[in-house]
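K.L.:
Questions regarding the structure given below will be posed in turn.
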């Protein structure tokens, strides 16, 4: 119902603009008639939409498994260029190549965004909140190939650009395509579209120009 009134408001507004330019386009004899009909329609639908929105309860925050508010500070020994599987210790620093990662919390959602800007998954969205510290001497771009998740069968899922963009437009900070400067900790969400809620591992890359050849670690999200 809410989407219907959004559409009506949009159509009324477009017809109002077009009619004020050329009344015959919307089958009216004068600009005054255009204004009377389409402005009234726009205002009525907007008022109804506002009433519906006020009656809609706000969505609750996703339930998280673990949480920590401390940024990444620790540094461990450099890892060899091979994949290692580490059991998750939420809130602890995990150093991989040029980055020190800290997993803050994870959650699953069917959709992300707000009631006006949202995207619904065909499966589920897995949201991972991270702190990332750049421990190299150069600025790094947090691009898509640095992150993925995999299930117990070895299926791999890359970060969802569409879901990340929706979160950004909704005012939620994400990590994709973010600049990470040396010795500065940044934070935000990674979003992955997965088939269902379950057990997944987060694959982290050490960065660099050829990130797929750099050090990697597989972190069990449990």
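K.L.:
Does residue 132 qualify as being at negative phi, in a strand (DSSP E or B), within 21 Å of the chain's Cα centre (by Cα) and surrounded by fewer than 21 Cβ atoms within 10 Å (Cβ to Cβ)?
P.N.:
no
K.L.:
Here's another thing I want to ask about it. Sort out which residues of segment 136-188 are out of contact with any strand residue (DSSP E or B) (no Cβ under 8 Å at 6 or more places or on another chain) and on the phi > 0 side of the Ramachandran plot, and write them in order of number.
P.N.:
Residues satisfying the conditions are 154, 171.
K.L.:
Could you check segment 115-126 and list, in sequence order, the residues that are surrounded by fewer than 22 Cβ atoms within 10 Å (Cβ to Cβ) and part of a strand (DSSP E or B)?
P.N.:
The answer is 118, 119, 120, 121, 122, 123, 124.
K.L.:
Right, here's the next one. Quick one: which of 161, 117, 106, 184 is touching a residue at least 12 places away in the same chain (Cβ under 8 Å), more than 14 Å from the chain's Cα centre (by Cα) and assigned by TED's automatic domain parsing to the domain that holds residue 216?
P.N.:
Answer to the selection: 184.
K.L.:
Checking the condition crowded, with 16+ Cβ neighbours inside 10 Å and assigned by TED's automatic domain parsing to the domain that holds residue 106, which residue from 196, 215, 145 passes? Full working, then the answer.
P.N.:
Numbers: 196 fails: crowded, with 16+ Cβ neighbours inside 10 Å; 145 fails: crowded, with 16+ Cβ neighbours inside 10 Å.
Being crowded, with 16+ Cβ neighbours inside 10 Å and assigned by TED's automatic domain parsing to the domain that holds residue 106 holds for just one of 196, 215, 145, which is 215.
K.L.:
Moving on. So residue 137 ticks every box in (1) modelled with pLDDT of 90 or more; (2) within 18 Å of residue 181 (Cα to Cα); (3) under 16 Å from the mean Cα position of the chain (by Cα) but one. Which box is left unticked?
P.N.:
Every condition holds for residue 137 apart from (3).
K.L.:
For segment 171-193, which positions are outside any strand (DSSP E or B) and within 30 Å of residue 120 (Cβ to Cβ)?
P.N.:
Within segment 171-193, 171, 172, 173, 175, 176, 177 meet the criteria.
The values are calculated or read from the model by the stated rules, or taken from the named source; none is laboratory data. In this text the structure is predicted, and so the values were computed from the model without any measurement. FYI the Cβ positions are ideal-geometry reconstructions off the backbone, even for glycines, and counts take in every protein chain you see.
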